[in-house]
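Single-structure report; data block below.
The values are calculated or read from the model by the stated rules, or taken from the named source; none is laboratory data. Computed from a prediction, not measured in an experiment: that's the story for all the values here. Cβ placement follows ideal geometry from the backbone for every residue including glycine, while neighbour counts extend to all protein chains displayed. The accessibility values were calculated without ligands, DNA or RNA, using every heavy atom of the protein model including side chains. Shrake-Rupley method; radii C 1.70, N 1.55, O 1.52, S 1.80 Å.
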Amino acid sequence: MENKEHFMKEALKEAQKAYQKLEVPVGVIIVKDSKIIARAYNQKEEKNSPIKHAEILAIEKACKKLKNWRLNDCEMYVTLEPCPMCAGAIIQSRIKKLYIGTLENKSGACGSKINIMEIYQSDARVEIETGILQEECSSILKKFFKEVRTQKI
């Protein structure tokens, strides 16, 4: 298995944790030097906060671990394309590369709806690769929202 698929499977484990807590199942891991340094999942409902997105939580954990707000040479794996808030945080934290499982056509800010990464003019450019384990990443979201609509969860 390729490294990026291995790491996206780890992000999917985080998404599963969110799913089990009735949160939108988005999971993230941050990798530096081929090691996971942070992992997180959505916690908006649990923490009653609109900013407790998986990406923000993972960035905070990685910064704490590295004792630095700059996450140079770090890669982020996220199961769903980040929103504008999270895309901005990714740019600000100077993450080197962003791997996205599935795109979010309604509010995605890394290429599908808009691309904040292109709009933002900075020396800290974030490389983006999409479609990593897309079927698995899309499937957990579809299942979650289907169950929400039919009130099975």
Worksheet item: Would you say Glu75 is acidic (Asp, Glu) and either open to solvent by 60 Å² or more (accessible area, probe 1.4 Å) or not in a helix (DSSP H, G or I) (or both)?
Response: yes
Worksheet item: Taking the range 118-132 as the search range and keeping residues that are assigned to a loop (DSSP other than H, G, I, E, B) and either open to solvent by less than 70 Å² (accessible area, probe 1.4 Å) or at pLDDT 95 or above (or both), which one is nearest to Lys4 (Cα to Cα)?
Response: Ile132
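Scan the range 98-108 residue by residue and report those that are in a loop (DSSP other than H, G, I, E, B) and either within 12 Å of the chain's Cα centre (by Cα) or crowded, with 22+ Cβ neighbours inside 10 Å (or both).
Those that are in a loop (DSSP other than H, G, I, E, B) and either within 12 Å of the chain's Cα centre (by Cα) or crowded, with 22+ Cβ neighbours inside 10 Å (or both): Leu103, Glu104, Gly108.
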Fill in: One residue from Ile51, Ile95 being assigned to a loop (DSSP other than H, G, I, E, B), surrounded by fewer than 21 Cβ atoms within 10 Å (Cβ to Cβ) and of a type in the set (Val, Ile, Thr)
Ile51
Worksheet item: In this structure, does Ala87 turn out to be farther than 20 Å from Gly131 by Cα and surrounded by 24 or more Cβ atoms within 10 Å (Cβ to Cβ)?
Response: no
Worksheet item: Can you find a residue in the range 15-32 that is open to solvent by 30 Å² or more (accessible area, probe 1.4 Å), among the basic types (Lys, Arg) and free of Cβ contacts under 8 Å to residues at least 24 places away in the same chain?
Response: no
Discussion item. Under 7 Å between Cβ atoms, which residue pairs at least 6 apart in sequence (or on different chains) link something in the range 128-148 that is more than 10 Å from Pro25 (Cα to Cα) with a partner that is hydrophobic (A, V, I, L, M, F, W, C) and open to solvent by 60 Å² or more (accessible area, probe 1.4 Å)?
Written reply: Thr130/Leu103; Glu147/Ile153
Discussion item. So in the range 54-72, with the set limited to residues that are modelled with pLDDT of 95 or more and not in a helix (DSSP H, G or I), which one is least open to solvent (accessible area, probe 1.4 Å)?
Written reply: Leu71
